[in-house]
Amino acid sequence: MTNIADFVAALPKAELHLHIEGTLEPELMFTIAERNGVPLPYASVEELRAAYEFSNLQDFLDIYYAGANALIEGRDFYDLTWAYLERVHAQNVRHVEIFFDPQTHTERGVPFAVVVDGIGRALDDAEAGLGISSRLIMCFLRHLDEAEALETLDAAMACRDRIAGVGLDSSERGNPPGKFREVFRRARAAGFTAVAHAGEEGPPDYVWEALNVLEVARIDHGNRALEDPDLVAELARRRVPLTVCPLSNLKLCVVDDITAHPLKRMLDLGLFVTVNSDDPAYFGGYVNENYIAVAEALGLSRAELAQLARNSFEASLLDTDAKSALIAELDATVAAAQEKICNFSAN
Ligand code: HPA
Ligand code: ZN
C-alpha cells in the first residue's frame, strides 16, 4: 500500500502561488552573487540558512529582497527559474503560475525585459523539455505607491504577450488593496487577470477590498477570511480560489503550529482552496512537502488530497481543454492508487 508521501508524489498537480525570487536556494545565491561580484551580507551558505528564522512577514521580506540583489543578468533569471522547474518536475507538477516582482529589479537598474526574457526562456524550455505549462504574473510591491505601480504596468506593455496577470505582494499591513484601485483597473482593461495577496497578515476587510475594488480572480493566502462568516459565505458562493501556503504560514508565524493550520477547516467550509509553496527556498519545502505537512498534521484523507490537486487545475488560468486533460490524468492516477489499496486488502 502506498503511504501518504508516495500518494502525494504521484498526483499530477499545479502550483499557483510561487514567487520565483523565493526559489533562490542559498547555494545558487552564492554562485550567482560571486559571478556578478555582488557582496552578500553572509559569509557562507550555512550562515545564510541559519538566518531563516522569521517572526513575521516583514522579517522574511528583508532577507528575501537582500537575496534578490544578486540577480542581474538574463542568465541569472534563467538559472533561477530552471532550477525551480527541474525540482517541481520531479514532484509531478504539470503546470505553474509564477509570480515575479519587477520593481525589485528595475529599482536596481535591471531592465524589465531582461527579467522577463530570462524567466520566459526557462519557461519555454520547461514546456518543451519537461512538459510543464506555465503563466507569468507580475506583482506590484504594495509598500511602494500606486504611481510606481502604474509605471511598472506601462513597462510591462512591451512584454504584453509574456505576462498573463498582475498581482499584489510585499508588506500587507497598512497597505490595503484599495491603494492600487487605478492600476488594477487599467491592468484588467488591458486583459491581464488580476490576483492579490490578502488576509495573510491583513484583516478580512483587505480580502473584501481585493474582491470588490480590485476585482481579483483569486485571493493569495486568504487565511484571515475565516474571521468573517459573511466573507466565507461570499468566497464560497462566488467560488473564489484561495492559494494557501501552509509551510509559509508556519515560518511567518501566521499559524503557531502546523496542527493549527486552517486548511482542513477551509475545505469543510466549502472554500475553493489550493496548496502551494510561496517561497520554498526560505520556508523549508516545495509543493509536495506542503501537501504532506498538512496531510499528516490535519489527517487529510486521500480524497481530500486529490481534491486539492483537482482544485489546483480548476483554479488555474489554463483553458478548459487543458484543464480537462490534466484532471483526467489526475483521476486515472487516483483510481490506480485506489486499486493498489484494494488489491493489498484482498491479499
Ligand atoms: N507575502 C507577501 N509578499 C511576498 C510573499 C508573501 O508570502 N512572498 C514574497 N513576497
Ligand atoms: Zn506569496
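Please give me the summed charge of the neighbours of Thr193: other residues whose Cβ is under 10 Å from its Cβ, Lys and Arg +1, Asp and Glu -1.
On the way: positive: Arg135, Arg188, Arg218; negative: Glu97.
Local net charge: +2.
Entry note, the chain: relative contact order of 21 percent, from Cα contacts under 8 Å with a spacing of 6+ residues. One chain, two ends: Glu215 and Ala236. Fully extended at 0.36 nm per residue, the span grows by 6.0 nm beyond their Cα-Cα distance. Taking Ala113, Ala66, Ala33 in turn, the Gaussian network model of the chain (Cα-Cα springs below 10 Å) assigns the largest fluctuation to Ala66.
Among Cys342, Cys159, Cys245, Cys139, the ranking by other beta carbons within 10 Å of each residue's beta carbon, starting with the fewest, stands as Cys342, Cys159, Cys139, Cys245. Annotation: for a label point projected 7 angstrom from Cα along Cα→Cβ of Glu34, residues of segment 80-121 with backbone N closer than 20 Å are 80-84. Given +1 at the Cβ of Lys and Arg, -1 at the Cβ of Asp and Glu and no other charges, the dipole of segment 14-168 around its Cα centre is 360 debye to the nearest 20.
Relative to the Cα centre, what is the charge dipole magnitude of the chain, using +1 at the beta carbon of each Lys and Arg, -1 at the beta carbon of each Asp and Glu, and rounding to the nearest 20 debye? Write down the numbers at each step before the final one.
Working: 30 positive and 55 negative charges, 185 e Å.
Computed about the Cα centre, the dipole is about 880 debye.
When a/c is below 1.5 the answer is rounded, else prolate if a/b is larger than b/c, else oblate, so apply that to segment 1-137 with a ≥ b ≥ c taken from the square roots of the Cα gyration tensor eigenvalues.
Working: a/c = 1.94, a/b = 1.31, b/c = 1.47.
Oblate, since a/c reaches 1.5 and b/c is not below a/b.
Once the C-beta distance of Ala164 and Ala43 is scaled by a Förster radius of 51 Å, the resulting FRET efficiency is 0.80 to the nearest 0.05. The helix-only estimate of mean residue ellipticity at 222 nm for the chain, built from DSSP H runs of length n ≥ 4 each weighted as -39500 (n - 2.57), is -16000 deg cm²/dmol after division by the residue total.
Between Ala147, Ala309, Ala281, which gets the highest mean-square fluctuation from a Gaussian network model of the chain, Cα cutoff 10 Å? Top of the fluctuation ranking is Ala147.
Projecting the Cα atoms of Ser171, Val45, Leu326 onto the charge dipole of the chain, computed from C-beta unit charges around the Cα centre, puts Leu326 farthest toward the positive end.
Over the C-alpha atoms of segment 92-207, the Rg to Rh ratio, Rh being the Kirkwood estimate, stands at 0.98. Please grab the % of Cα pairs in the chain that end up more than 40 Å from each other. Every Cα pair in the chain considered, those over 40 Å come to 8 percent.
Computed from the Cβ-Cβ distance with R0 of 22 Å, the FRET efficiency linking Thr320 to Leu130 stands at 0.40.
For Thr243, Thr259, which order do you get if you count the other beta carbons within 10 Å of each Cβ and list the fewest first? Write down the numbers at each step before the final one.
Values: Thr243 24, Thr259 12.
Ranked by crowding around the Cβ, least crowded first: Thr259, Thr243.
Label separation (Cys342 vs Arg265): 3.7 nm, computed from points 7 Å beyond Cα along the C-beta direction.
The alpha-carbon positions of segment 34-74 define a convex hull whose volume is 72 Å³ per residue. Quick one: go through segment 11-48 and flag any residue whose amide nitrogen is under 20 Å from the point 7 Å out along the Cα-to-Cβ line of Glu296. Backbone N within reach: 11.
Would you please calculate the Kirkwood hydrodynamic radius of segment 167-301 over all C-alpha pairs and express it in Å, rounded to one decimal?
Details: mean 1/r = 0.0663 Å⁻¹.
15.1 Å is the Kirkwood radius here.
A short reminder: the numbers here are calculations on the coordinates, not readings from a lab. Since the model is a prediction, treat every value here as computed from it, not as a measurement. Please note: Cβ atoms are built from the backbone with ideal geometry, for glycine as well, and neighbour counts cover all protein chains shown.
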